[in-house]
1. Take B:Trp97 and tell me if it is out of contact with any Cys (no Cβ under 8 Å at 6 or more places or on another chain), under 28 Å from B:His56 (Cβ atoms) and part of a loop (DSSP other than H, G, I, E, B).
2. Could you give me the residue pairs with C-beta distances under 7 Å whose first residue belongs to segment B:72-99 and is buried (at least 16 other Cβ atoms within 10 Å of the Cβ), whose second residue is among the hydroxyl-bearing types (Ser, Thr, Tyr) wherever it lies, and which are 6+ apart or on separate chains?
3. Whether any residue in segment B:558-575 is at pLDDT below 80, part of a loop (DSSP other than H, G, I, E, B) and farther than 30 Å from A:Leu228 by Cα is what I want to check.
4. Could you list, in sequence order, all residues of segment A:108-164 that are farther than 18 Å from B:Asp474 by Cβ, modelled with pLDDT under 85 and within 14 Å of another protein chain (Cβ to nearest Cβ)?
5. Restricting attention to segment B:302-339, report how many residues are within 13 Å of chain A (Cβ to nearest Cβ) and either surrounded by fewer than 22 Cβ atoms within 10 Å (Cβ to Cβ) or not in a helix (DSSP H, G or I) (or both).
6. Return the total of residues in segment B:255-298 being in a loop (DSSP other than H, G, I, E, B) and either on the phi < 0 side of the Ramachandran plot or of a type in the set (Val, Ile, Thr) (or both).
7. Considering only residues that are more than 13 Å from chain B (Cβ to nearest Cβ) and in a helix (DSSP H, G or I), which ones fall in segment A:185-241?
8. Pairs only if they're at least six apart or on different chains, beta carbon under 8 angstrom, first in segment B:201-228 and loosely packed, with under 15 Cβ neighbours inside 10 Å, second acidic (Asp, Glu); list them, first residue then second.
Amino acid sequence: MTSTWFSPATRTELIESLVSGVDRYNPSNVGILEDYLYHQIRSQEYDCLANLAILKLYQFNPDLYNPDVVINILIKALAAAPAPDFNLCISLLDERPPNANMEEPDPLPSLLPILQGLHHLLYRCRFPAFWRAYRSDDLEALRDNYTIECAGFEDSIREVVIRAVKSTFTRISTDRLGLYLDLNTPEELNAYIEKLGWTLDSSGTVVNVPSNPDNQIEATVVQENIKLPQLTKVISQAAKA
Amino acid sequence: MSQQRMALWAADEDIDEDIQDVSLAIGNYGQNGHFDDAHIQPPQIDEQTLIAMQQHLVQQAAFAAIPDVVKGFIVHFHQAVLDNNLAEITVAYESGWNKYTEKFYSRTEWPEAEIIAPLVNDDPIFLILYRELYYRHVYSRLQPNIDDRFHSYENSCELFNYLLNSEGPVQLELPEQWLWDIIDEFIYQFQAFCTWRSKVKSKTEDELLMLADSAGVWSSYSVLNVLYSLIQKSKINECIVAQQEGKSPEEIAEIVGEYGVKPLYRMLGYFSIVGLLRVHVLLGDFTLALKVMDNVELNQKSPFTRVTACHVATYYYVGFCYIMLRRYPDAIRTFVTILNFIHRMRQYHTRSYQYDQISKTADRMYALYAICHALSPSRLDDNITNMVKDRYGDELARMQRGGEDALPAFEELFMYACPKFINANSPPYDDPAAISQILNSSPTASPTQRTTELPSTATHNDPAHRHLRLFLSDVTAQSPVPTLRSFLKLYTSLGAKKLANFLDADEEEIVQEMMVMKQASRSVSRIGSEKSSLLDGQTITTSDLNFVIDDNMVHIAESTIGRRYAGWFIKNTERTQKILDDLRHTPLPAPRKTAAAASTSVPATEAPKTTGRKVAWGGVKA
């Protein structure tokens, strides 16, 4: 899992050299990385380390700061929950000195608590609460300006839900699943389930979750494994005597 | 009228002449002044030379105030450095310097470099090294003022300039301990400066002015530049890779070039990697920190273990990165390794001047271990767990119970144990308006990054508190887990509704909490893959309690660990065997005058006891 997070297949050579080398500190490269971010937004890809590189450049060169880019990075990181990506991004956002150099007011301070709240809901698996908050009027600004640009944002959140559901459930009721996925009509829900390849059981109200390493449980007793090399000293001394 | 006109006319010329005269006058004045200096102001010349003489006297006095042993030490030290006599340098550096510090300079500074310069024939390289030690002393025992900070930066720049930008590698040889200390101190001074710099309100007017002019001093870019340059010059990464591939020394020498073959550069490059790890952690970039350590193997055979302080620091920072990445099992393993090492090595290091620092780091790691243990309990190392319980038993109990009072315990231990984070940028000293705005604003006026559920910590905005808040938000998410665990342990299958009734909560809430619990029991870990980079890993289960939800029914399975007795038995068998062997090989005691007394100790024999006794007596008598 981590090898794709570390080095996604969709990353190009150029980005790879930027992320892994010393050029990542060169402020003039920020444009390349920002373009890569927009590419990720449009084509539903995700490259955590490249986005962290952008944030690091902003950390060292506050005049490069572009709040839209930061918000987009955070939105992308939301969809990676429960991985720590969102927190890693926040770690790199230093305290910004109050400066009046910007032409428009900085949207980040007002949106940041909202994004953090959303992330918190996702991390605590409060999915119905997440969808309620997301669809509420307060977040209209977020929805209209940012998440709408991000292709497949809602689907990637649904993937977060599915990850959590897959590991915890062997069977889950359709109502509950619909609530978590925010797919309220049966047609939408069934279409989604089919896309996942999951099956409905006979009564049509419960979905079977396919088995995976996480939702198969068995009580095991961890036995001790004594290996021969550990005993060589004892055996050889016994043989000598 | 005409007369007047003429007068005016004439006056103009006069003015012109006057002007010329003035310039002449000025020139004259200058000359006169100079001239006058010769005559009128012999006191002034005297005063200037007097001042110079006074300074000279002060220097002489300071020079005379230096105890003779210290002078001798400096000369000896200098000679050793000139001769590249590594053994002598090591002795002088490790014990000599500290001895004289304790004896003469425990509360004051060492003499300034200018004062001792005559002793070393003004050798610039030695003076740079001397200043490095001088400032290190100031930072550790005394309070550096703004001048000290600026000068120490300049000195460090000179040192690195000399090492990196001379034509070809320098011929200097220094002990590895010193090389590590150079890098360590450099980063420490950087961190101290950033912390000091960010406290805008406590600066005097002069300091504000000086800071306004000094954009480049201790900037993050320059520090990173130094570290990266050392790494690149010594080609240490290529060197490590080549060594891992088992290339021959000649091939390695070719790969690393003329700089990399010299031990000075190689070790500096190596320590710079650890230095980068540290700087990235201080700036809050944990993935990059682990990434720079890509080629360094974290085991006992790596070169960084040769300097204990470096060894301990590496493990501390790596472990901390894992904590911030939520990889608690990896963090636990890291801490356990190094804490065991420190415990065993403690007796050899009590007299080393680094002992205090290592002890302090060890204490912080115990606290971090306690945190990880509470968040991801495992039965990995009872030894360390016992030691932690001794120190932090109360906090550990609170953290493990979860719930409301766990949070302050986490906060306390985290703030004690975390590295001293810094801001990458300075407050805008060069912008007077912004500075006055900061000075006049109240602490809570700046935009805070608040999550809805955290209490008092939300008002602080220094970097440590920012990271603390991130960490605490993770912890709050996991706080219901211990309670749930205790319930689930009692059943093999349980309805979700019943569980909700037990906990007085809504069923849907409980189901969601169960998902969190499941999530908490899985972490990414490097357990299976020892050789790979520090960021790799696979998802593993860390809890012994496993469950799934089947629609509304929870099925639980617990895995237990069978008793482990093999290790204990083998160890004790070997120990007994060793005792027996030692007994057998002890030399026979000297023959006693009173031969017949059977009460004296019987020497051990090769053969079984009863017959052996007679043989032994026989041997002795013969």
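1. Working: out of contact with any Cys (no Cβ under 8 Å at 6 or more places or on another chain): yes; under 28 Å from B:His56 (Cβ atoms): yes; part of a loop (DSSP other than H, G, I, E, B): no.
No.
2. Every condition considered, the pairs that remain are B:Phe73/B:Tyr100.
3. no
4. A:Leu108, A:Pro109, A:Ser110, A:Leu111, A:Asp138 - these are the residues of segment A:108-164 that are farther than 18 Å from B:Asp474 by Cβ, modelled with pLDDT under 85 and within 14 Å of another protein chain (Cβ to nearest Cβ).
5. Narrowing segment B:302-339 to residues within 13 Å of chain A (Cβ to nearest Cβ): B:320-328, B:330-331.
So of that shortlist, the ones also either surrounded by fewer than 22 Cβ atoms within 10 Å (Cβ to Cβ) or not in a helix (DSSP H, G or I) (or both) come out as B:325-327.
Summing the residues that are within 13 Å of chain A (Cβ to nearest Cβ) and either surrounded by fewer than 22 Cβ atoms within 10 Å (Cβ to Cβ) or not in a helix (DSSP H, G or I) (or both) in segment B:302-339 gives 3.
6. First, the residues of segment B:255-298 that are in a loop (DSSP other than H, G, I, E, B): B:262, B:284-285, B:293-298.
From the residues that got through so far, the ones that are either on the phi < 0 side of the Ramachandran plot or of a type in the set (Val, Ile, Thr) (or both) too are B:262, B:285, B:293-298.
Counting residues in segment B:255-298 that are in a loop (DSSP other than H, G, I, E, B) and either on the phi < 0 side of the Ramachandran plot or of a type in the set (Val, Ile, Thr) (or both) gives 8.
7. Residues of segment A:185-241 more than 13 Å from chain B (Cβ to nearest Cβ): A:185-199, A:202, A:204.
Matches in segment A:185-241: A:Pro186, A:Glu187, A:Glu188, A:Leu189, A:Asn190, A:Ala191, A:Tyr192, A:Ile193, A:Glu194, A:Lys195, A:Leu196.
8. So the pair list comes out as B:Ala212/B:Asp430; B:Asp213/B:Asp430; B:Ala215/B:Asp430.
The values are calculated or read from the model by the stated rules, or taken from the named source; none is laboratory data. The structure displayed is predicted, hence computed values, not measured ones. A quick note on method: Cβ atoms are made from the backbone with ideal geometry, for glycine too, and the neighbour counts reach across all protein chains shown.
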